[in-house]
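Below is one structure, written out as structure tokens; the observations come after it.
The values are calculated or read from the model by the stated rules, or taken from the named source; none is laboratory data. This one's a predicted model, so the numbers in the text were calculated from it and none came from an experiment. Cβ placement follows ideal geometry from the backbone for every residue including glycine, while neighbour counts extend to all protein chains displayed.
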Amino acid sequence: MGGIDLSINICGIKLKNPAILASGILGCTSGILRMAAESGAGALTTKSISVEERHGHRGPILIEPMHGVVLNAFGLPNPGYRAFMEELKELEDINVPVIPSIAGRNYEEFVEVSSAFEDAGSKILEVNISCPHSEKGYGGVPIIAQDTEKTAAIIDAVKESVSIPIIVKLSPNVTDIVEFAKVSVECGADAVSAINTIEALEVDPILERPVLGNMIGGQSGPSIRCIAQRKVADIAIAMKRKEIKKVPIIGIGGIRSGEDIARFLLLGAEGVGIGSSILYDDLDTFDKAISGLKDLMREKGYKKISDFRSNALEWMI
Amino acid sequence: MISNPRIVEIERIKKENDDIKTFFVRIEDKPEPGNYVMLWVPWSKGKSKRIAIEPSDQIPISISSFKRGKIGLSVKNVGETTNALHDFEPGDRIGITGPLGNSFNIRGKKILIVAGSVGLSPLYFLSRVASEMGKQIYVIYGVNSKTELFLIKELEKIAEDLIITTDDGSYQKKGCVTDFLSDFYDISKIDSIYSCGPELMMKKVLDFSLKKNVFSQFSLDRYIRCGVGLCGFCAIDGCRVCKDGPVFTSEQLKGFGEFGVVKRSKSGGVLRL
């Protein structure tokens with residue numbers, strides 16, 4: 001019925017729809033990932049996994065100072081890749097692609113974790129170089145994704161050691177995200193995802209101190225959607241203009257509805273990541289957003305996503 | 001909007017025993033028995049000066065009472081955050097997020113409470129509400145030793161019958177709560193069972209309630225971090241204890257492979273119980 005095909009293809013991996021569970025949300029245990037798979041997501045990105053286990057930051061780790069303004073400082077908690085492989089094994093029977101997200105402090109760690117996932121049979125990886133608060137407290141030191149040389153070193157090393165495609169997750173906390181997309185693609189990134197959270201801070205006026213346990217954190221949720229759209233458009237336009245080799249872009253930031261998904265696709269994204277919006281509609285977010293997208297496409301007479309992808313971008317070139 | 005930590009003053013503190021104090025604070029939303037709050041202790045001690053080198057963590061605490069807009073939080077001094085809190089005085093400020101989570105479903109006329117240690121907290125709130133509804137309350141409450149007991153006088157007022165067990169025999173019956181479950185159940189003709197305490201104890205209560213086919217609910221303990229279902233660290237099988245729980249029925253629990261077997265560590269790794 002309807003004959004609408006929502007499937008997309010990211011680096012040879014076919015997804016039944018473009019709504020991907022974004023990294024950092026829910027993706028740490030097999031039971032919860034299975035639940036997310038059953039919720040209708042097109043693919044699942046795991047929590048970012050490192051070599052050794054990480055306890056993450058102290059609480060509060062998640063607050064919503066104003067409606068739609070979500071701040072978090074989880075601090076990349078994860079059990080380490082050796083323990084996480086056991087969780088992945090439990091998921092071999094699900095028919096939704098799992099994208100392990102990997103994190104590390106240096107290229108050796110990125111290489112170790114990415115190789116382990118390739119050996120375990122993963123078909124694609126997301127390389128998270130852009131968590132804005134992975135280290136404790138207020139450091140003021142640029143993260144990997146804020147430094148083109150560090151970015152290049154990590155991607156070079158990962159690409160040399162694995163043969164599966166990698167998605168590089170970019171930071172919005174840079175002057176020119178296109179520069180970082182360019183470096184990533186030149187070093188062999190097979191896709192990019194944008195954006196990670198935006199550097200943020202909230203203060204309690206009574207306590208006279210920052211609210212997040214880690215003091216500083218990253219902003220996500222509906223409040224960042226328009227910023228994310230701009231960043232995705234910037235990268236997509238550079239690709240259209242052939243300033244960067246064209247690779248799939250996964251748009252992430254405040255996506256909650258079918259219309260939101262369409263907005264990113266219209267800006268040239270191949271697929272989208274959904275995370276913080278799960279706060280509002282829980283796991284029904286995926287079903288609701290996907291059926292919303294279908295309704296919109298039906299209304300517009302589109303049969304497949306490529307019928308309208310990048311249409312909004314055309315205005316800007 | 002999700003609930004954010006709201007800064008409240010501690011209005012009263014009641015010392016329950018050497019390790020447990022109940023802190024009374026005012027909250028806006030009416031809690032139901034079974035709900036919990038995320039308790040944030042923003043510094044180690046004092047009024048509004050930063051004394052701690054680092055802020056304490058945010059921890060889930062079951063609500064143990066609700067009266068005239070004030071909740072009671074019975075907190076056992078077991079770790080860094082609770083240790084800091086135990087130094088606080090009335091007038092000191094803490095952060096409260098919530099009430100969060102689901103609640104007990106009070107069913108039948110005769111209800112049996114099976115509590116272990118500080119697991120009595122949410123069940124005491126449940127008992128008070130159930131008693132006000134005209135239910136008959138039966139309680140089996142177990143601790144390691146007499147010094148750990150709390151809320152006994154309060155329970156005596158509302159319970160039709162109260163059995164207290166101690167592992168070391170220092171008070172009333174020597175043994176554990178599950179040793180007395182069967183006899184108590186048969187004599188009192190119980191309609192429903194509510195349990196909270198160490199998970200291995202609850203596992204035995206679950207097995208019993210499934211055997212007797214009696215409606216039962218359990219309040220689970222996991223490492224709760226975000227409290228709103230987003231981070232996923234409090235998972236048990238496919239459920240989040242913070243949002244889908246903390247109260248689960250025997251029907252749910254019998255399908256959980258992790259109940260009574262494993263917990264998750266702070267990093268999400270597997271911890272054998």
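If you go through the stretch A:50-65 and keep only what is over 19 Å from B:Ile7 (Cα atoms) and at the interface with another protein chain (Cβ under 10 Å from one of its Cβ atoms), you end up with A:Ser50, A:Glu52, A:Glu53, A:Arg54, A:His55, A:Gly56, A:His57.
Within the bounds of the stretch B:128-141, is there any residue that is loosely packed, with under 15 Cβ neighbours inside 10 Å and in contact with a Leu (Cβ under 8 Å, 6 or more places away or on another chain)? For the stretch B:128-141, residues loosely packed, with under 15 Cβ neighbours inside 10 Å and in contact with a Leu (Cβ under 8 Å, 6 or more places away or on another chain): absent.
Exactly one residue out of A:Glu52, A:Glu64 is of a type in the set (Asp, Glu) and out of contact with any strand residue (DSSP E or B) (no Cβ under 9 Å at 6 or more places or on another chain): that is A:Glu52. Go through the stretch A:5-31 residue by residue and tally those that are under 25 Å from A:Arg82 (Cβ atoms), in contact (Cβ under 8 Å) with a residue 60 or more places away in the chain, in a loop (DSSP other than H, G, I, E, B) and polar (S, T, N, Q). Of the residues in the stretch A:5-31, 1 are under 25 Å from A:Arg82 (Cβ atoms), in contact (Cβ under 8 Å) with a residue 60 or more places away in the chain, in a loop (DSSP other than H, G, I, E, B) and polar (S, T, N, Q). For the criterion of being surrounded by 18 or more Cβ atoms within 10 Å (Cβ to Cβ) and under 25 Å from B:Phe256 (Cβ atoms), A:Lys89 fails. You will find that of A:Ile235, A:Ile167, A:Ile227, A:Ile250, the residue that is outside any strand (DSSP E or B), more than 14 Å from chain B (Cβ to nearest Cβ), buried (at least 24 other Cβ atoms within 10 Å of the Cβ) and of a type outside the set (D, E, K, R) is A:Ile235 and no other.
Taking B:Ile27, is it away from every other protein chain (no Cβ under 12 Å), in contact with a Phe, Trp or Tyr (Cβ under 9 Å, 6 or more places away or on another chain) and at pLDDT 95 or above? So B:Ile27 does not fit the description; no. Any idea which residue in the stretch A:170-209 is nearest to the other protein chains (Cβ to nearest Cβ), counting only those that are crowded, with 24+ Cβ neighbours inside 10 Å, of a type outside the set (A, V, I, L, M, F, W, C) and not in a loop (DSSP other than H, G, I, E, B)? Looking at the filtered set, the residue picked out is A:Ser193. In summary, B:Gly134 fulfils each of the numbered conditions (1) assigned to a helix (DSSP H, G or I); (2) at pLDDT 95 or above with the single exception of condition (1).
The condition (being more than 17 Å from the chain's Cα centre (by Cα) and either over 27 Å from A:Ser306 (Cβ atoms) or without any contact (Cβ under 8 Å) to a residue 60 or more places away in the chain (or both)) is satisfied by just one residue among A:Cys187, A:Cys226: A:Cys187.
Scanning the stretch B:149-174 for residues that are free of Cβ contacts under 8 Å to residues at least 12 places away in the same chain and over 22 Å from B:Thr22 (Cα atoms) yields a total of 4.
Residues of the stretch A:8-35 that are crowded, with 24+ Cβ neighbours inside 10 Å and closer than 19 Å to B:Ile236 by Cα: A:Gly24, A:Ile25, A:Leu26, A:Gly27, A:Cys28, A:Thr29, A:Ile32, A:Leu33. Picking from residues in the stretch A:14-37 that are more than 16 Å from the chain's Cα centre (by Cα) and hydrophobic (A, V, I, L, M, F, W, C), the one that is farthest from the other protein chains (Cβ to nearest Cβ) is A:Ala37. Screening A:Cys11 against (1) facing chain B (nearest Cβ under 8 Å); (2) out of contact with any Phe, Trp or Tyr (no Cβ under 8 Å at 6 or more places or on another chain); (3) under 25 Å from A:Ala116 (Cβ atoms) leaves a single unmet condition, (1). Being assigned to a helix (DSSP H, G or I) and closer than 20 Å to B:Phe150 by Cα, is that true of even one residue in the stretch B:66-84? Yes, because at least one residue in the stretch B:66-84 is assigned to a helix (DSSP H, G or I) and closer than 20 Å to B:Phe150 by Cα.
Restricting attention to the stretch A:38-46, does a residue exist that is within 12 Å of chain B (Cβ to nearest Cβ) and either assigned to a loop (DSSP other than H, G, I, E, B) or modelled with pLDDT under 95 (or both)? Yes; the residues of the stretch A:38-46 include at least one that is within 12 Å of chain B (Cβ to nearest Cβ) and either assigned to a loop (DSSP other than H, G, I, E, B) or modelled with pLDDT under 95 (or both). I'm trying to understand the selection: among the residues of the stretch A:66-105, which are more than 20 Å from A:Glu135 (Cα to Cα) and at the interface with another protein chain (Cβ under 7 Å from one of its Cβ atoms)? If the condition is that a residue be more than 20 Å from A:Glu135 (Cα to Cα) and at the interface with another protein chain (Cβ under 7 Å from one of its Cβ atoms), then A:His67, A:Ala83 are the ones that fit. All conditions but one from (1) basic (Lys, Arg); (2) surrounded by fewer than 24 Cβ atoms within 10 Å (Cβ to Cβ); (3) under 20 Å from the mean Cα position of the chain (by Cα) apply to A:Lys47; the one that does not is (2). Restricted to the stretch A:257-298, and to residues that are more than 14 Å from chain B (Cβ to nearest Cβ) and part of a loop (DSSP other than H, G, I, E, B), which residue is surrounded by the fewest Cβ atoms within 10 Å (Cβ to Cβ)? Per the stated criteria, the residue is A:Ser257. Within the stretch B:43-63, the only residue that satisfies the criterion of being facing another protein chain (nearest Cβ under 7 Å), modelled with pLDDT of 80 or more and crowded, with 24+ Cβ neighbours inside 10 Å is B:Gln58. Is it the case that the stretch A:123-144 has a residue that's at pLDDT 95 or above and of a type in the set (Ser, Thr, Tyr)? Within the stretch A:123-144, none of the residues are at pLDDT 95 or above and of a type in the set (Ser, Thr, Tyr).
Scanning the stretch A:184-218 for residues that are closer than 12 Å to A:Ile235 by Cβ and β-branched (Val, Ile, Thr) yields A:Val185, A:Val192, A:Ile195. Within the set B:Phe233, B:Phe248, B:Phe256, the sole residue that is free of Cβ contacts under 8 Å to residues at least 40 places away in the same chain, in contact with a Cys (Cβ under 7 Å, 6 or more places away or on another chain) and aromatic (Phe, Trp, Tyr) turns out to be B:Phe233.
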